[in-house]
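Here's the structure we're looking at; comments come further down.
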Amino acid sequence: MGVLVVDGMGGGLGAQIVTQLRQQMPAAEIIAVGTNSAATRNMVKAGANKGATGENSVKICLQNAKCVVGPIGIILADAMLGEITPHIAISICSSPLPKVLIPVNHKNIEIVGMHSQQTMSVLLKMAVTRVEEIMK
């Protein structure tokens with residue numbers, strides 16, 4: 001069982017997640033699923049063991065993972081300019097897997113309690129640390 005990284009758009013955040021996971025957990029199996037081929041390609045380039053694309057890939061890969069990590073948009077239908085289909089959002093939300101989500105600003109969505117002074121770098125480190133704890 002491995003870590004499932006899900007991202008869309010160009011996969012930039014997903015690639016950063018994969019890079020940091022690979023540095024912290026060199027032996028981990030990292031599966032990247034992008035909502036488009038560019039996102040998948042960039043996450044595989046960053047060090048994911050395998051990559052797949054599309055909503056059915058999300059559904060199938062969730063069955064063989066120990067946790068899922070990505071931007072918070074992966075659980076919001078129509079996020080990422082519509083790349084997160086309702087099926088993707090429901091598949092991830094309804095999965096019993098632990099979800100490690102990185103808060104990224106989305107139009108009209110505010111996460112109270114988040115400290116706005118935290119940089120993306122700090123949030124990524126926090127996410128990777130949490131994934132390490134889950135994978136032990």
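What number of residues within segment 22-46 satisfy the criterion of being in a loop (DSSP other than H, G, I, E, B) and surrounded by fewer than 24 Cβ atoms within 10 Å (Cβ to Cβ)?
Number satisfying all stated conditions: 7.
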Any hit, segment 47-61, residues being within 22 Å of residue 130 (Cβ to Cβ), of a type in the set (Gly, Ala, Ser) and modelled with pLDDT of 95 or more: yes
Residue count, segment 109-136 (criterion: among the β-branched types (Val, Ile, Thr), under 21 Å from residue 76 (Cβ atoms) and at pLDDT 90 or above): 1
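Select from segment 78-94 the residues that are over 14 Å from the mean Cα position of the chain (by Cα) and modelled with pLDDT of 95 or more and list them in ascending order. Explain how you work it out, then say what you get.
Step one: of segment 78-94, the residues over 14 Å from the mean Cα position of the chain (by Cα) are 78, 81-82, 85-87, 90, 94.
Residues satisfying the conditions are 85, 86, 87, 90, 94.
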Condition met for residue 106 (farther than 15 Å from residue 4 by Cα, in contact with a helix residue (DSSP H, G or I) (Cβ under 9 Å, 6 or more places away or on another chain) and modelled with pLDDT of 95 or more): no
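Return the total of residues in segment 73-89 being surrounded by fewer than 19 Cβ atoms within 10 Å (Cβ to Cβ) and not in a loop (DSSP other than H, G, I, E, B).
The first filter runs over segment 73-89 and keeps only residues surrounded by fewer than 19 Cβ atoms within 10 Å (Cβ to Cβ), leaving 76-78, 81-83, 85-87.
Subsequent filtering for residues that are not in a loop (DSSP other than H, G, I, E, B) retains 86-87.
Looking only at that region, the number is 2.
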Candidates 51, 70 - the one that is without any contact (Cβ under 8 Å) to a residue 24 or more places away in the chain, in a strand (DSSP E or B) and either farther than 15 Å from residue 35 by Cβ or not hydroxyl-bearing (Ser, Thr, Tyr) (or both): 51
Looking only at segment 49-60, and only at residues there that are among the hydrophobic types (A, V, I, L, M, F, W, C) and over 12 Å from the mean Cα position of the chain (by Cα), the one that is nearest to residue 15 (Cα to Cα): 52
Which numbered condition residue 59 fails, given (1) under 19 Å from residue 98 (Cβ atoms); (2) crowded, with 21+ Cβ neighbours inside 10 Å: (2)
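The values are calculated or read from the model by the stated rules, or taken from the named source; none is laboratory data. Predicted, not measured: the structure shown is a model, and the values here were computed from it. Glycine also receives a Cβ, built like all others from the backbone with ideal geometry; neighbour counts cover every protein chain displayed.
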